[in-house]
Each structure stands twice: as C-alpha cells, then as structure tokens.
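The structure appears right after this line, and notes come after that.
The values are calculated or read from the model by the stated rules, or taken from the named source; none is laboratory data. Bear in mind that the values here come from a model prediction, so they are computed numbers and not experimental data. Because the Cβ atoms are built from the backbone with ideal geometry, glycine has one as well, and the counts that use them run over all protein chains shown.
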Amino acid sequence: MALLQISEPGSKPAKPLHRLAVGIDLGTTNSLVAASSAGAVEILADDEGSHLLPSVVHYPAGLEPVVGQGALDQLTIDPANTIISAKRMLGKNLLDIQAEGDANKAVTSLYQFDQNSRDGVPQILTAAGLKSPVQISADILGTLASRAESVLGGKLEGVVITVPAYFNDAQRQQTKEAAKLVGLNVLRLLNEPTAAAVAYGLDTKDQGRIIIFDLGGGTFDVSLLSLQRGVFEVLSTGGDTNLGGDDFDRVIMDWICSEAGLDQITDSKSFARLRNAAIAAKHSLTEVDIVGINFENWQGALSRAQFIELSADLVKRIINTCRRVIRDASISVDEIDNIVLVGGATRMLVIREAVAEFFGKPALAEIDPDKVVAIGAGIQADVLIGNKSANDFLLLDVSPLSLGIETMGELVEKIIPRNTTIPVTRAQEFTTFKEGQTAMSLHVVQGERELVSDCRSLARFELRGIPPMVAGAAKIRVKFQVDADGLLSVSAEELSTGMIAEIQVKPSFGLNADAIEEILQSSQENALADMEARSIGEARLEAQQLIDALASAVEIDGDLLDESESLLIKAAIEKLERANTEGDSSEIRVLTEDLNRVSGNFAARRMDLHIGAALRGESIDMIESSSD
Amino acid sequence: MQTINKNYFQLFSIPETYQLDIDLLGENYRGMQVEMHPDRFVNASEEEKMWSVQRSSVLNQAYDTLKDPLKRAAYMLERQGMNIEQVSQHDLGIDLLMEQMELRESLDELPKNESALDALGRLKKEVSEKLNSREESFSSMLMDSELATAKKIFHEMQFLKKLLLEINQGEEQRLGY
C-alpha cells in the first residue's frame, strides 16, 4: 500500500493498523466519549469544542431528534417532548417508574407514558411518536459515536460503555440493546468506578489498594480495588442510590429558609432562585471560608464551619458506606493506599476533608472528576480492541448483589454471594422434599436478606421429569453462571436422568435500581430478625420432614410397632404438628427431639430389617432415603 | 474442561500445603487470568469465548477457595475423603462445647449500645488469636495425616469464624450502620 493518505482539514488522520474503539460514559445528566490518540486517551470534543454532551434528547414533530445542548435549550420551551435522565428509566417497567420516590418523580412527572404498552415497557408519548428509554439512550449513544467517527476519521469497531456498579441485569441488558440499535459493537460494559481506577492506574502505575469514591449529583458509589502488576481486582463495592451533591444543596436551602424565617417554598421560580443561591454558596465554600448569601429580601452569611455542621449527617452516611466496603473486603483502613475522587460533588471541601480524615491521607484528584470515568473507558476500549498488547492490564470485576435460590420454608440459599469475582459458575445440589416428587419449581432471587419475601424475584422456571423417588433421594444440581458483563443464567439438572431446564434472566424481571441500597440497608438492620426467622423456618422444615418420613415409614413397616409405641408416636406427631403451626422455634425443636426419641427404637428395628447395622446413629429421615 | 481435572493447587502450580504463600497464589492466579479472561477473547470465535468464560470461572472458584483459610481447610479435608457436612456432637468433644458456650455468653452479655465497643474489640482480638492458633494446629494435624483431629479443629475454626462474623455485626449495629 504505497498510497499517500490525505486527511480532511481539521480532523486527525486515522493511524494505519490502529483499530478505532472508544469509551463512552453514558451519564444521567451528561455523557462523554474518549479515545486514545498518540498513546494518551482524551475526551473528544464536538465542533464547538465542548466535551460534555448533555444527556437530553428533544423529539420535535416530523424532524430528526436533537441531542445535547440544543435539546437542553428546549427543556423550558417544549418540556413534554424533551427527555432528560433517561438513564434512570433504563431496565425498569412502567409500574416501577411510577412507584418510585422523589428522585424520579421530578423527572417522570414531566412526561406522558403510553398506558397500553406491552409487558409494561415504558414508552413516552412525544411529538415524534413513542420513545422508550432504550431508544432515547440509543440516540445519545449515536450522537457520541458520530462525533467520535468524525474526529477520528473512520468507522468505530467497538465501544466500551460504563454503567454504575449497582446496575442490575436488566439495566445492563438494556444499555447493550441501546448500543445495538445504533449499530455499535459493545466490547464490554464496564463498571464506572472501575473505569475511574483504570484512568489513574495506568497513568501513575500504582500498586496497592485503591478506593474509588464516586459522589455524583444524586448517587454515591464506593469500590475497593486491588491493583497488582496490571491486574485490577475488585474486592468489594457499596453505595447509596439516593445520596449525592443535590442533598448538600438541600441542607443549605433548608438553612436559608429557617434563617430567613420562611416556610416551604412552593412557587417554582422562587424555588429555583433558592436552589441557585444554595448551589452558588456551596461552590464558593470550596474557595473561601465564609460566603454571603442573598435570597429575596434576606441577607446572611454561611461559614465553612457551619456548612460542615449542617452536612454532618450526610457525611456520616457517606463515611459509614466507606467503612462497610472496607469491612466487606476484610481489611483495615490503613491498608488503603489511594483514594480516587469521581463525580462533581467531590469538589466540595467538606467531602475532601472528611475523606482525608477517615482514610488518613488526601485523595487523588488530578484528573477532572467529571471526565475520569470516560477516560478509563477509553483506555479499556483501546486494550480490548487489541491496540495494546495482552499483558498490559486486566480487570477482574465482581457481582454487586448476592444471587440465590428459594428453598423450602421460603428461605434463600445464596449461591453467589455479593462481591464474588466474575465470571463465575457456582453449582449446588438440592433434593426433593416430598416422596414421589417429579417436578421442581426454581425461583431465582437477588438480595442480601434471608427470606424470599424480602429479596427481589429475578426469574422462575420448572424442572420436570424427575424420576419418582423417596424424599431427599433425588439430586438436582442448580448452576448459576454470571458472565464478564455481569449477566446471569441459571440451569437445573437432575443427575440420574440428565434432565435439564435452564433460563436466561430476562430484563423485565430486573431489580429497580433504587431498591438496591434499600436491600443492603435492610439486610444490615434486620440481621437479627432474619436469624430468628431463619431459625423458625429451619425448625419447621425439619419437623415436617420428620413427620412425613415417619408417616410413610409407619405405612410400610407399621407391623414392627407394638400398640403403646404406636400411640406414643402418634401423640408426639400430633403435638409437633400443632407446634409447627403455632409454636416458636425452640418449642418446635424440643418436640422434634421428643418425636425422634419415641420413634428411635422403631427406627433401629427398621434399620436392622432393611440395611443392617451400617447406618447406626443416623436419624430416621436419612434411613428413609437410604433404604430405597 | 481440562482444568477441572487438576486439583486447585496443581492448577496454580503451588505445593499442596495448608500454610501457603498467599502472595505467590495471587500472583499465579492473576498471571493465568491475564491469559484466560474473557476480556482477552473479545474478538475471538464464540467457541473460544465460551472456553474462556469456563476457564476463567474455574480460576475464580479455585482462587476463592484457596485464599480463604476456612474454605481451603474444607477443600483439603474433602480431598482426603472426609465428609465435612456431617458432624456429630461426639466429633466436637466437651471442651469445645464449653469454650463455645463461654465465648457466646460473653458476646450475648454485652450491652446493646456503643459502650460495648471496647469489649467487642477485645473479644474480637481473643477470637482472632484462637482462630490463628487453630489454623496452625490444623496445618500440622493435616501434615501428620491425623484426619479425625484435623476435622475436629476444622469445626472449631468454623465456629470461631462464625463468632467473628457475629462480633463484626454486633459492632456494625452498635455503630449504627
């Protein structure tokens, strides 16, 4: 190829053999695209030189959609056809969105949703027709992709898109779907905090343990990573989907109101002025020690010390989340080597100081906290597409929430605990509960609590064709597989026949993002209640199994019993059955023990009869299954 | 899958001993993930991608087992044909039961507010030290092929580990998060 290449004026020439791949930070408020050129990764700007693309799409009648600043300008003029914060709606159904709290109401109350949509998929009525969150996200991704193609001068071969660490299966699936809609090849979905670590890791060649502290406008994420010789390992993650910079604005707003002797502001223009005054004060306090505030006819001053006091509760929640993440990894605070700040709200001094105090060292903030995620994604895209050699670096990510299966007594058996490195395959064997059971219903759940009703249901499916056997004799292997994008599939196999049923967890069953922090919170708060609930569940289960086993044993070998023994057993069964519906766990345990005792001789005689002395010391339900 | 035919120690090319070089384990694990992780097969065929997900999962499973002292102990006992799921009071012995009761009582008796944090800290230290010394004896029993004793110590370790988790939970509750 001896042809000379001539590039378009104003655009960079595509380098030969350099495959074009970009990283995209698809944000709730703003989105960015980054690519590597000449060894360094940079944010790509639009024609007017701006880096941030507002994540806003305007759908006018009969015209092409407008994305970015142009759309944002329409927000006040044509709000019903101007969609903001589509990311908050990804992976949710209409009911989820309508049931959501304050954070989303402000956004979703702006729009009219099609009430007849299939499967509850949210569709917004716009002048240009129905638009789903996937379509809206696709329009934003498409705009970023064409910006990249025009700057880089070639077709994109792949993209890395960042998602919050807390995004569930459904939200991840839909992010991928959005990219596919505009013909993008998704190399990998990358967790946002991980991307931030990548941005710093490669720039500074750090080794050690890193905290990624990501405080955005409305969400908070913390991740703990370990970096060794170019391999990032995510040790644990945590966060709060309802905590962000906006909450700090709110404490200043409340303070102004109380100082000025004002009640709740209901007028929207007045509210906007109050909010702007609070935000301006918050920004100033990163530079000066005290700031003057004017609102309506009131004048006052807020000092940094006062601001620290006002935000003490918020800061405490933030630091407690950090503490839990460190605990989850079983390490101590002084083992943290670096803290990386992400998100605009980390510019606040009150945050920087609290972080420095808790970790005993100041945080890294050399890279613009609004751009660091996109830069990391750009670096990862470059590696995945093959522009960097294989041993450059690797990311080992974790699954953020526990995944499990419902067992008897409505208990959750966790198969993949949270913070397990992915990809991962875990199998566990289960057995039938009733004699002659030929089908098994499997219920896949996500969450940290012990009871099914407290976790989120992800999927249900059935395994049929189990050969009839006594209770506890069949062996069913349930396998959970989570791939490197964090997507789950589950299979169940009956081991003697090889009968298999499997399911890919479907997007519509996904977990509502705001519910995640609630799950984590309540799993901590309810640990004790859970233990009792689990204890009684287990006691009931054990009692029922013993009763069932004895009933069928009496049916087969009733002639081994004399009359008084038979009466004793019958009475003990009745007592236990009553306790099993009314009693507490200790009562059930005591009566189970009683029944075991009065039926002990019977069990021993059956054992002699059926299998000899080999199983001495086993409880009766074990014999029941072994004698078959 | 070929990797499944190797035991976890062979997989990472480290000697099959309970007291192992955690740094070496981690280094070999990461070295192998660099070769086998799905991120290395983004442009490969579907078959190769599948292969990579399976290999990478096995590596994660093996590393997760070996790096944790309790899981490692369970794995090594099972490799010796011991059934760790089955445990009778007889296996445990009266001395362990007494120790369990005493430790549990000292945990239960603590006040349910922040004033207990110091005492919790001391209890945590005591339990951690006991756990460490059990790990050492487990290692030497296993080396001497005293499997029944090793199994007994394993169950003691299980109990201490559980107690440690409860102490941590107690701390978290008292700290209010």
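Residue A:461 fulfils the conditions (1) in contact with a Pro (Cβ under 9 Å, 6 or more places away or on another chain); (2) hydrophobic (A, V, I, L, M, F, W, C); (3) under 19 Å from residue A:173 (Cβ atoms) except for a single criterion, (1).
Being part of a loop (DSSP other than H, G, I, E, B), touching a Ser or Thr at 6+ places or on another chain (Cβ under 9 Å) and either away from every other protein chain (no Cβ under 14 Å) or not charged (D, E, K, R) (or both) is the requirement here; does residue A:366 meet it? Before you say what the answer is, go through the steps one by one.
On the way: part of a loop (DSSP other than H, G, I, E, B): yes; touching a Ser or Thr at 6+ places or on another chain (Cβ under 9 Å): yes; either away from every other protein chain (no Cβ under 14 Å) or not charged (D, E, K, R) (or both): yes.
Yes, satisfied.
The requirement of being within 10 Å of another protein chain (Cβ to nearest Cβ) and either farther than 20 Å from residue A:481 by Cα or not acidic (Asp, Glu) (or both) is satisfied by residue B:56.
Condition test on residue A:69, is it at pLDDT 80 or above and surrounded by fewer than 18 Cβ atoms within 10 Å (Cβ to Cβ)?
On the way: at pLDDT 80 or above: yes; surrounded by fewer than 18 Cβ atoms within 10 Å (Cβ to Cβ): yes.
Taking the combined requirement at face value, the residue satisfies it.
Taken together, the residues in the stretch B:31-49 that are out of contact with any helix residue (DSSP H, G or I) (no Cβ under 9 Å at 6 or more places or on another chain) and either more than 17 Å from residue A:385 (Cβ to Cβ) or within 10 Å of chain A (Cβ to nearest Cβ) (or both) amount to 3.
Looking for something within 23 Å of residue A:226 (Cα to Cα) and assigned to a loop (DSSP other than H, G, I, E, B) - is there at least one such residue anywhere in the stretch B:51-61?
Initial filter on the stretch B:51-61 (within 23 Å of residue A:226 (Cα to Cα)): B:52-53, B:55-61.
From what is left, the residues that are assigned to a loop (DSSP other than H, G, I, E, B) are none.
Scanning the stretch B:51-61 turns up no residue that is within 23 Å of residue A:226 (Cα to Cα) and assigned to a loop (DSSP other than H, G, I, E, B).
Restricting the stretch A:387-411 to residues that are outside any strand (DSSP E or B), within 11 Å of chain B (Cβ to nearest Cβ) and crowded, with 18+ Cβ neighbours inside 10 Å leaves a set whose member that is modelled with the lowest pLDDT is A:393. Return yes or no: is residue A:227 at pLDDT 85 or above, over 19 Å from the mean Cα position of the chain (by Cα) and crowded, with 16+ Cβ neighbours inside 10 Å? No, not satisfied. Does residue B:27 meet the test of being within 11 Å of another protein chain (Cβ to nearest Cβ), modelled with pLDDT under 95 and either loosely packed, with under 13 Cβ neighbours inside 10 Å or in a helix (DSSP H, G or I) (or both)? Here the answer is yes, as residue B:27 does meet what is asked. In the set (1) within 13 Å of chain B (Cβ to nearest Cβ); (2) among the β-branched types (Val, Ile, Thr); (3) free of Cβ contacts under 8 Å to residues at least 24 places away in the same chain, the condition left unmet by residue A:290 is number (1). Please indicate, with yes or no, whether at least one residue in the stretch A:234-249 is within 30 Å of residue A:421 (Cα to Cα), within 14 Å of another protein chain (Cβ to nearest Cβ) and free of Cβ contacts under 8 Å to residues at least 60 places away in the same chain. For the stretch A:234-249, residues within 30 Å of residue A:421 (Cα to Cα), within 14 Å of another protein chain (Cβ to nearest Cβ) and free of Cβ contacts under 8 Å to residues at least 60 places away in the same chain: absent. Is it the case that the stretch A:181-192 has a residue that's in contact with a helix residue (DSSP H, G or I) (Cβ under 6 Å, 6 or more places away or on another chain), of a type outside the set (S, T, N, Q), surrounded by fewer than 21 Cβ atoms within 10 Å (Cβ to Cβ) and in a loop (DSSP other than H, G, I, E, B)? Yes: the stretch A:181-192 contains one or more residues that are in contact with a helix residue (DSSP H, G or I) (Cβ under 6 Å, 6 or more places away or on another chain), of a type outside the set (S, T, N, Q), surrounded by fewer than 21 Cβ atoms within 10 Å (Cβ to Cβ) and in a loop (DSSP other than H, G, I, E, B).
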